[in-house]
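Here's the structure, in structure tokens; my notes come after.
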């Protein structure tokens with residue numbers, strides 16, 4: 001329900017934009033900021049606030065997003081005396097729901113696993129999509145009988161219900177981290193995403209070249225500062241090494257070979273060397289000893305071809321671990 005408040009707030013303002021423009025004699029840029037202000041606040045803060053929720057408590061952020069901020073900001077937007085106040089109310093409202101979005105998903109991941117988690121995420125997505133589709137319909141009905149500000153308090157009943165559900169149903173602490181939050185990196189992420197969204201918004205505005213240049217400079221500086229901070233921070237918000245790992249894993253490689261094609265993957269399960277279990281390694285060591293004894297015996301009896309030696313020991317352990325495969329390779333090299 002808390003995520004439904006965010007989805008509904010994202011949709012209700014668009015239908016009222018023509019009426020808002022006539023009421024405040026707003027420019028196209030001001031109307032664009034009114035429309036995207038909610039997205040701006042949520043997108044810029046969701047990364048940082050999600051990390052804060054994991055550290056400080058997800059229930060606390062849900063209660064703040066559900067009541068302490070969302071309710072008064074809805075009325076502030078509804079009774080805004082000018083377009084500037086309306087824009088600020090929309091942006092801060094987006095920040096409030098930036099507390100809600102990652103927190104609800106983190107709670108789902110912490111409370112459920114397996115098929116239950118899948119069903120929970122599906123229900124979360126379905127409820128959010130349903131309320132988002134209701135937004136334009138409810139806005140049109142309200143604008144037909146009331147003033148333009150009536151579209152914003154429509155989320156108040158849902159926010160009250162979500163607050164009550166969070167208060168009584170959500171545990172205070174569940175699987176939260178004890179590591180400190182990278183606050184400086186969070187500030188850089190807010191500047192990075194915020195400048196990008198504002199730059200896209202002002203790209204179509206007339207006579208906004210100086211603003212675009214300034215936002216571009218902020219974006220580049222914030223991006224560089226964020227990357228440097230994440231590389232040096234003890235507990236980064238996002239591990240840049242994960243990007244490298246994903247790129248390496250996406251590279252095609254022959255079956256049963258490591259990333260460098262060195263044959264160090266376990267042929268039985270395709271796992272990298274070092275990830276085999278201790279039992280697998282022990283089987284490989286025992287097979288190597290048996291192979292050595294067999295070779296010594298065959299040398300006493302006479303030369304035996306490698307093909308016959310391989311056929312004599314069709315053990316599954318020979319192909320179940322890289323140690324066994326390496327032992328056979330050494331035997332072949334010695335015989336050659």
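Read-outs throughout are calculated quantities, based only on the coordinates presented, and are distinct from any laboratory measurement. Values in this document were obtained by computation on a predicted structure and should not be read as measured data. Note that each Cβ is placed from the backbone with ideal geometry, even for glycine, and that neighbours are counted across all protein chains shown.
What to note about this one:
- Between residue 227 and residue 55, the FRET efficiency estimated from the beta carbon spacing at R0 = 30 angstrom works out to 0.85.
- Ratio of Rg to Rh over segment 2-177 (Cα coordinates, Kirkwood Rh, two decimals): 1.00
- Our estimate of slack between residue 210 and residue 141, defined as 0.36 nm per intervening residue step minus the Cα-Cα distance, is 20.8 nm.
- According to the calculation over all Cα-Cα pairs in segment 1-57, the P(r) per 10 Å bin from zero is 21, 40, 25, 12, 3 %.
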